[in-house]
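The structure under discussion appears below in the form of structure tokens.
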Amino acid sequence: MKSVIARTWIAAFLLLPAFVSGQPAIAPPQLGFVEDGARALRPVYGLAGNFILGPSVAAKIVSQAFSGSLGLLKTNSSLAAFDSQGKLLASMDVAPGPAFFAFSPSGTTALAYITSSNSLVEWRGGAFAPLLIHYEERSADAVLALAFPNPFEVSLLIQRRDTIWELSFPLGSVGTASQKALIGVHAPVLALSSGDLVYSPAGGIVVRRTDASEVRISASLPASFSLRQMNQDWVQLTDLNGRARFAIHAKTGREGIYQLPSSNPE
């Protein structure tokens, strides 16, 4: 049985060039979108450990993330939303520099935090809308990640000395801000739409579930890297000083880390 499955996937990979060029063919599953070594946004196809990148759908990417149905990307001067086919849905001008993204549990609404302007933008109902952050002690330099736990609340993960704190506050004018220390969590850190955290202590990656249980993935990692959501169960790890790219599988029982192609041969 295993050999039959293996032959099926091999055939699917051999047919991928026809698929990405628009010709009818059986294709491997799409895992989401990644930023390649040339800072282009590409769909990624395949299974754990066997990945192929599709053609570029956007260039000069500064930051990007994908929920499984909705994606956000940041160039130096714009913020854009795209769908599962890589089609641009809308864009707006924003301040230069990187951004943090977070998706609702459904994956259909999203938030973007623009670090250089310390501003928050929401994607909902097919359009972008700026939001106010009702928290006076926030610091753009200290923000490590963004979370969107429910439609009425946003959380910033902030480094204070040697501890990461989660600051939660309402998106509207009603509600009370709260904070809690995330003991044992280290930067870089990413909050998935499921509520799970992915972070990096020395010597690997840890996935912390919402019940506080943890799974450690041992790996030799770049000295400096970022974490971005590829879809509900996958995270891209990007070397900030080179072209290396990795995919972290965060699904329960399937945890692992795999090398991604930085770009496909021409």
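Tabulated results
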{"read-out": "Filter result for the condition that a residue is part of a loop (DSSP other than H, G, I, E, B), closer than 13 Å to Val34 by Cα and not basic (Lys, Arg), over Ser262, Ser226", "value": "Ser262"}
{"read-out": "Test: residue in region 200-209 that is surrounded by 12 or more Cβ atoms within 10 Å (Cβ to Cβ), out of contact with any His (no Cβ under 6 Å at 6 or more places or on another chain) and closer than 18 Å to Gly68 by Cβ", "value": "yes"}
{"read-out": "Qualifying residue in region 130-145 (condition: modelled with pLDDT of 90 or more, within 26 Å of Ser84 (Cα to Cα), surrounded by fewer than 16 Cβ atoms within 10 Å (Cβ to Cβ) and out of contact with any Cys (no Cβ under 9 Å at 6 or more places or on another chain))", "value": "yes"}
{"read-out": "Yes/no for Val206 being assigned to a strand (DSSP E or B), in contact with a Lys or Arg (Cβ under 6 Å, 6 or more places away or on another chain) and under 27 Å from Tyr258 (Cα atoms)", "value": "yes"}
{"read-out": "Total residues in region 185-209, condition out of contact with any Phe, Trp or Tyr (no Cβ under 9 Å at 6 or more places or on another chain) and modelled with pLDDT under 95", "value": "6"}
{"read-out": "Some residue of region 162-179 being among the small types (Gly, Ala, Ser), over 18 Å from the mean Cα position of the chain (by Cα), at pLDDT below 95 and part of a strand (DSSP E or B)", "value": "yes"}
{"read-out": "In region 216-247, the residues that are under 21 Å from Lys74 (Cβ atoms) and β-branched (Val, Ile, Thr)", "value": "Val235, Thr238"}
{"read-out": "Exclusive hit being within 25 Å of Pro29 (Cβ to Cβ) and out of contact with any Lys or Arg (no Cβ under 6 Å at 6 or more places or on another chain), set Ser220, Ser213, Ser193, Ser224", "value": "Ser193"}
{"read-out": "Residue ID - surrounded by the most Cβ atoms within 10 Å (Cβ to Cβ), chosen from residues in region 86-111 that are modelled with pLDDT under 95 and of a type in the set (S, T, N, Q)", "value": "Ser104"}
{"read-out": "Residue count, region 176-200 (criterion: of a type outside the set (A, V, I, L, M, F, W, C), in contact (Cβ under 8 Å) with a residue 40 or more places away in the chain and touching a strand residue (DSSP E or B) at 6+ places or on another chain (Cβ under 7 Å))", "value": "4"}
{"read-out": "Filter pass, Gln159 being in contact with a strand residue (DSSP E or B) (Cβ under 7 Å, 6 or more places away or on another chain), surrounded by fewer than 20 Cβ atoms within 10 Å (Cβ to Cβ), in a strand (DSSP E or B) and of a type in the set (S, T, N, Q)", "value": "yes"}
{"read-out": "So Ser220, is it of a type outside the set (A, V, I, L, M), in a loop (DSSP other than H, G, I, E, B) and surrounded by 15 or more Cβ atoms within 10 Å (Cβ to Cβ)", "value": "no"}
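The values are calculated or read from the model by the stated rules, or taken from the named source; none is laboratory data. Remember, predicted model here, so these are calculated numbers, not experimental data. All Cβ positions, glycine included, derive from the backbone under ideal geometry; neighbour counts span all protein chains shown.
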